[in-house]
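Encoded as structure tokens, the structure appears first; notes follow it.
The values are calculated or read from the model by the stated rules, or taken from the named source; none is laboratory data. All values reported here derive from a predicted model rather than from experimental measurement. Virtual Cβ from ideal backbone geometry, glycine too; neighbours counted across all protein chains shown. For the accessible areas, the whole protein counts, side chains as well, though only heavy atoms, and no ligand, DNA or RNA atoms are used. Shrake-Rupley method; radii C 1.70, N 1.55, O 1.52, S 1.80 Å.
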Amino acid sequence: MVDHTMDVSGWLRKQLEETSPDLLRAMVKEFAEMVMSSDADAACGAGWGERSVERTNRRNGYRERPWDTRVGTIELAVPKLREGSYFPDWLLQPRRRAEQAFMSVVADAYLAGVSTRRVEKLVQQLGVDRMSKSQVSRLAQSLDQVVEEFRTRPLDCGPYPYVMLDALVVKCREGGRTVNACVVHAVGVNRDGYRESLGLDVVTAEDGAAWLAYIRGLVARGLTGVKLVTSDAHQGLVDAIAATLPGASWQRCRTHFMRNLLTRIPKSAQGFVATMVRTTFEQPDAKTVREQHTRIVTQLEERFPDAAAMLDEAGADLLAFAGFPKEHWRQIWSNNPLERLNREIRRRTDVVGIFPDRSSIIRLVAPYSPNKTTNGPSLAATWAPNQSPKPSPRQSRSPRR
């Protein structure tokens, strides 16, 4: 018989290791140095600066040791002792810089929830069994601190001419009940032409107040130079964009609009109408885009007046992309690039099902959100004129919401 059981923990570990090397590198460095410091304190018989009759040695600064990992070379600060020497053989090998299993340990710590009990168990598996409860607690808190610093970092790679906003719903427990919570997040194109995760937050409901507070937080952290915002037509989100990003145009996501439009078309004609509307986005320049939109509205008026009225009313917002360089249209006329990220996040949250609290949602989702993608859209030619354009990724189909 074929074994159909999926190694979920192994798959999640691989996803975390391959997604955001900058964040994972910071987590690994922080965690490794704290474990080494705790191990050195145990070898001395007392903590750093602690006076104790049981002390047998003292700390004497640090020495730098390069450590080659799958996320790049990390400069570790290895503790030194006044008498004898200290070497973390559970982490490093003499005269070798390659990593052992520590990367997977940090990934497992996050996927397991970063509780003190979990961290203590994982550290003991490395062979370090001389740590106090307070030291284990500090290790767990340090990982959360690194993720929080990533979420609240200054947005200093601006201006961000293009921004995409979206939300996804997950389940969590609050007050003994299972409720829905919304993860709101944003992706922007920085001055180098790469997509960058600007941040995320967990809110009670996807309403205007939540979006207003979230976007204001992005602006306070340094979000500037926004020319176009792409999102669905959630009224609270549209109002929040207008209130916080003056001067920015709003692009209504063509994928979400198409789904809304087809609800006003009989099922037998939906394929035909969808093909007609899509020809609007296949025109060579902005003038013919608007002319084609007008022709389609006219053609639909006789058979499908409701759909024609909806298409005509949404024309200005649906065609906002036409005011920007043509080579950027494919990346800015829909939320598809952000939906691709949503799909990967959803694969992880679906495995969990119901989160124990909101902090656990951030703990699982935040490490996935990449600081910078390495295959950004071809936007640098316009917004960074002195740089050559970067290759555009193949567009993926947006999953149904």
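A few comments on the model shown:
- On inspection, Ala286 fails the criterion of being closer than 22 Å to Tyr162 by Cβ, surrounded by fewer than 19 Cβ atoms within 10 Å (Cβ to Cβ), within 31 Å of the chain's Cα centre (by Cα) and at pLDDT 85 or above.
- Residue in the stretch 342-357 that is at pLDDT below 85, open to solvent by 40 Å² or more (accessible area, probe 1.4 Å) and within 17 Å of Ser231 (Cα to Cα) present: yes
- Those helices (runs of 4 or more DSSP H) of the stretch 267-353 in which 3 or more residues are touching a helix residue (DSSP H, G or I) at 6+ places or on another chain (Cβ under 8 Å) occupy 270-278, 286-303, 305-313, 329-332, 336-352.
- Single residue of the stretch 241-263 satisfying the filter (small (Gly, Ala, Ser) and part of a helix (DSSP H, G or I)) that is farthest from Ser334 (Cα to Cα): Ala243
- For the stretch 153-170, the condition of being modelled with pLDDT of 85 or more, farther than 30 Å from Trp329 by Cα and surrounded by 13 or more Cβ atoms within 10 Å (Cβ to Cβ) holds for at least one residue.
- The stretch 299-335, subset under 25 Å from Val163 (Cα atoms) and among the aromatic types (Phe, Trp, Tyr), residue surrounded by the most Cβ atoms within 10 Å (Cβ to Cβ): Phe321
- Selection from the stretch 29-88 of residues that are in contact (Cβ under 8 Å) with a residue 12 or more places away in the chain, in a loop (DSSP other than H, G, I, E, B) and among the aliphatic types (A, V, I, L, M): Val71
- With respect to the conditions (1) in contact with a Leu (Cβ under 8 Å, 6 or more places away or on another chain); (2) open to solvent by less than 30 Å² (accessible area, probe 1.4 Å); (3) at pLDDT 90 or above, Leu364 lacks only one, and its number is (3).
- Which listed residue, of Thr230, Thr204, Thr255, is in contact with a strand residue (DSSP E or B) (Cβ under 7 Å, 6 or more places away or on another chain), β-branched (Val, Ile, Thr), more than 22 Å from Pro154 (Cβ to Cβ) and touching a residue at least 40 places away in the same chain (Cβ under 8 Å): Thr230
- Here Gly45 fits the description: open to solvent by less than 40 Å² (accessible area, probe 1.4 Å) and at positive phi.
- Residues that are open to solvent by 10 Å² or more (accessible area, probe 1.4 Å) and either within 15 Å of Arg195 (Cα to Cα) or not aromatic (Phe, Trp, Tyr) (or both), drawn from the stretch 211-222: Leu212, Ala213, Arg216, Gly217, Val219, Ala220, Arg221, Gly222
- The listed residues are Val277, Val238, and the only one of them that is open to solvent by less than 20 Å² (accessible area, probe 1.4 Å) and within 18 Å of Ile332 (Cα to Cα) turns out to be Val277.
- Criterion (closer than 18 Å to Ala322 by Cα and surrounded by fewer than 19 Cβ atoms within 10 Å (Cβ to Cβ)) met by exactly one of Ser249, Ser231: Ser249
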